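Below you'll find the structure, written out as structure tokens, and then a few comments.
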């Protein structure tokens, strides 16, 4: 049997209503002239008290229900799937992230959700659930409004003993903002602040990557080119360091705009740049650098010239860099404004210009 007890957090309207009921009942009792009147007053007081208590309990239950719904809707995206991996329930956070309301995804298979529309992924998740009853992963998708997002996803299997049917619960947390910040941080760490090219740290990482590929497969189809601005000290001395910085930015922009999307352009020293060229043989790299040399001479304010050394990427990153650097040194020693190759088949450096 439920007992009515006074909660310290009981709303003021409940306390005031009970007090008013008691006061009215006492007044009626004082005015009563018969036992029937006494009984009616007591019944009235009891009835009003029970109604007030019922209203209070209903409000408390509704508050708890609202709190539960707020927690479910606010903390993470929430999807319930039936045994056939079809959507039977979603929460508001799912709709906020995906852009889809429940009636737009109801009864649809999980493979049609905007961040899980990959058959091999569904196979992996299903296999994992059979073994572990849980799968975790980081997935990306595009919302109905065309917005890209990234989420941490957990898929769990719920076994209903009585119905012998399994249900699956998918919860996800939107980490899109964090991923954007991470990308910005990586850009700051890996980018040269003056020119916007990759810096020496990023270049070393990428060169090691291609050298490791050459070591693993025993051959390479990639090349490294080193580019150095000719007489750069004279530019700083005669025109000032501000003009020198502008010259570096001009060269960097020309290198990026006239290289392939797959090429990696980096600033590796004061006036020295490097280009990693995947899937490129030595002859192709040489021709590309000669073309870039001409572009820079015609496209810079001071009609700058550059010298370049080209080498195939070898199994050791340091050996690759030394080889390209020696070719660059020969280009400068032979009069600058030229391209030299490290090809061992040449008795004298290949040079044009």
With a cut-off of 11 Å, note down the residues of region 290-316 whose backbone N falls inside the zone around a label point 7 Å from the Cα of residue 343 toward its beta carbon.
none
Using a/c under 1.5 as the rounded threshold, could you call region 170-299 rounded, prolate or oblate? The axes a ≥ b ≥ c are square roots of the C-alpha gyration tensor eigenvalues, and prolate needs a/b larger than b/c, oblate otherwise.
oblate
How many angstrom separate the Cα center of region 112-150 from the Cα center of region 230-308?
44 Å
Specify whether the C-alpha gyration tensor of region 142-212 places it in the rounded, prolate or oblate class, a ≥ b ≥ c being the square roots of the eigenvalues: rounded for a/c under 1.5, otherwise prolate if a/b is larger than b/c and oblate if not.
prolate
What does the extension gain come out to for residue 103 and residue 284, with contour length at 0.36 nm per residue minus their alpha carbon separation?
59.5 nm
Coordinate range along principal axes, alpha carbons of region 255-327, Å, largest first:
39, 25, 18
Could you put 241, 209 in order, starting from the residue whose Cβ has the fewest other Cβ atoms within 10 Å?
241, 209
Between residue 126 and residue 302, what's the calculated FRET efficiency when r is the beta-carbon distance and R0 is 56 Å? Round to 0.05.
0.30
Honestly region 77-179 on the Cα gyration tensor test (a ≥ b ≥ c root eigenvalues; a/c under 1.5 rounded, otherwise a/b vs b/c for prolate or oblate) is just prolate
Residue 167/residue 139 FRET efficiency (R0 25 Å; Cβ-Cβ; nearest 0.05)
0.75
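Since every read-out is calculated from the coordinates, none of them should be taken as a lab result. What you are looking at is a predicted structure, and each value in this text was computed from that prediction instead of being measured. Note: ideal-geometry Cβ built from the backbone for every residue, glycine included; neighbour counts use all protein chains shown.
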